[in-house]
Structure formats: C-alpha cells, structure tokens
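A.B. asks: Please see the structure below; I have some questions.
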C-alpha cells in the first residue's frame, strides 16, 4: 500500500491543533471539576450518616455501571426532552466530570483510608477539629497516595474525550473525521490520530513520573 505522505504531513498540524485546543482543555476542565465531585463523594461515602453514605454509593454505582457514551448521550440528547438544552462543550464537560467523579471518588476514599488512624488522633491531641485535621493532615498525605491512580484516570480521560466528537465537539478525533470526510484515507488519518494520542499520553506519563518523584522527596525512607 502506497502511503500519501503529503496528506499525512498536511493533516498532522490540524489534528495536533485539535488536540491542543480541544482535547487537552476539555480533559483539564472535566478532570478539575471531576476531582471536586470525587472529593465530595469520597467524604460522603465515609460519612457516619447512612443516608449520606447511601447517596454517594448510589451515585458511584450508577456512574461506574453505565457506559460513558450513554452518559454523554443522555446529557446531550436526552435532557432536551425535559426542556434542558446544552451546547456540545458544556454537555461534554458535564458528562466527563460526572464520570471522573464516580471513578476518582473510590480512589480518594481508599487514599484517605490508607492514612494511619494515629494521624487523626495526633490532630485531635493538638486541638484540631475534625475538619482541620482532615484538611491539614489527612488530605495532604492521601494526595500523595492517590497521585498514580488519579494520573492514570486523567490519561484515560484524554483518550475518552474522543467520544465528544459524536456530539460535534471539535477536538482531535473530530478533526481526523473531518479530514477523512474529503480524503477518504481512513486508515492513514486514523492511524495518524492514534499516534498523536499516543504522543500526548507519553508526555502526560512523563509528567506523572516526575510528579511522583518530586512528592517522594518529602517522604522519610
């Protein structure tokens, strides 16, 4: 098979640009909001109040038990039947944020539980309230433990944003689809898009490794 290198070269920047201006911002916005949701859900999950804990468990169960694509379609195509119409970008951000919140909540909960109970007692001993102990002692230690799995969640999210192309969000994969619409070079362009995703993930993985090493400096060995 002859490879059209000219088309490959001409289409590379539009695809990369779609990633830089669409995929990465979408992933960052969704991940940031999703982390906030995850923290709230994790704390609710750990609550002594059974009803509060049940609500968090129900949310996590629904998110983890349904496909992301279905969640995306429910928000973009389903909500208008209830009179709530959202444009593609807000729909994608909401769907991805809720999805991240469901998965990351269990990561954060596990990280909090991994902190020795003696840390809670130490906080109470010096007069800290439960909230202050959580904020100043528990969460900083839990954050270090949760960095690897949360980083993996973000990298997965970067790839999952390709689903946003199905609701007309202009991102990396959408650009690839637009190029194949007039070139008909499906294999070449989609392989090119896959390579760009791969490079993005390599860069993010390198950043994850660097962050883990930096945090490791503050841990006694």
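Since every read-out is calculated from the coordinates, none of them should be taken as a lab result. These numbers were taken from a predicted model, which means no experiment stands behind them. All Cβ positions, glycine included, derive from the backbone under ideal geometry; neighbour counts span all protein chains shown.
A.B. asks: By how many nm would the segment from residue 5 to residue 205 lengthen if fully extended, with 0.36 nm per residue of separation less the alpha-carbon distance? If you can, show how the numbers build up before the last one.
C.D. replies: Details: separation 200, 0.36 × 200 = 72.00 nm, distance 2.88 nm.
My answer for the length gained is 69.1 nm.
A.B. asks: Just to be sure I understand: with springs between alpha-carbon atoms less than 10 Å apart, which residue in 185, 171, 121 has the highest mean-square fluctuation in the Gaussian network model of the chain?
C.D. replies: In this elastic network of the chain, the residue with the biggest mean-square fluctuation among 185, 171, 121 is 121.
A.B. asks: A further question follows. If the elastic network links every pair of Cα atoms under 10 Å, which of 165, 129, 97 fluctuates the most in the Gaussian network model of the chain?
C.D. replies: Looking only at 165, 129, 97, the largest GNM fluctuation is found for 129.
A.B. asks: For a Förster distance of 45 Å, can you work out the FRET efficiency between the beta-carbons of residue 191 and residue 40, rounded to the nearest 0.05?
C.D. replies: Details: r = 41 Å, r/R0 = 0.90.
For R0 = 45 Å, the calculated efficiency reads 0.65.
A.B. asks: Of 181, 58, 105, which is the most mobile in a GNM of the chain whose springs link Cα atoms less than 10 angstrom apart?
C.D. replies: 181
A.B. asks: Quick check: the angle from helix 50-65's long axis to the longest principal axis of the chain, C-alpha only, nearest 10 degrees?
C.D. replies: 20
A.B. asks: Shifting gears a bit: If a/c stays under 1.5 just call it rounded; otherwise compare a/b with b/c (prolate if a/b is bigger, oblate if not). Do that for the chain, with a ≥ b ≥ c from the square roots of the Cα gyration tensor eigenvalues.
C.D. replies: Working: a/c = 3.46, a/b = 1.69, b/c = 2.05.
Here the chain falls in the oblate category.
A.B. asks: Nearest 10 degrees, 0 to 90: what angle lies between the long axis of helix 139-160 and the longest principal axis of the chain (Cα atoms)?
C.D. replies: 20
A.B. asks: Cα axis of helix 172-183 to longest principal axis of the chain: angle in degrees, 0 to 90, nearest 10?
C.D. replies: 10
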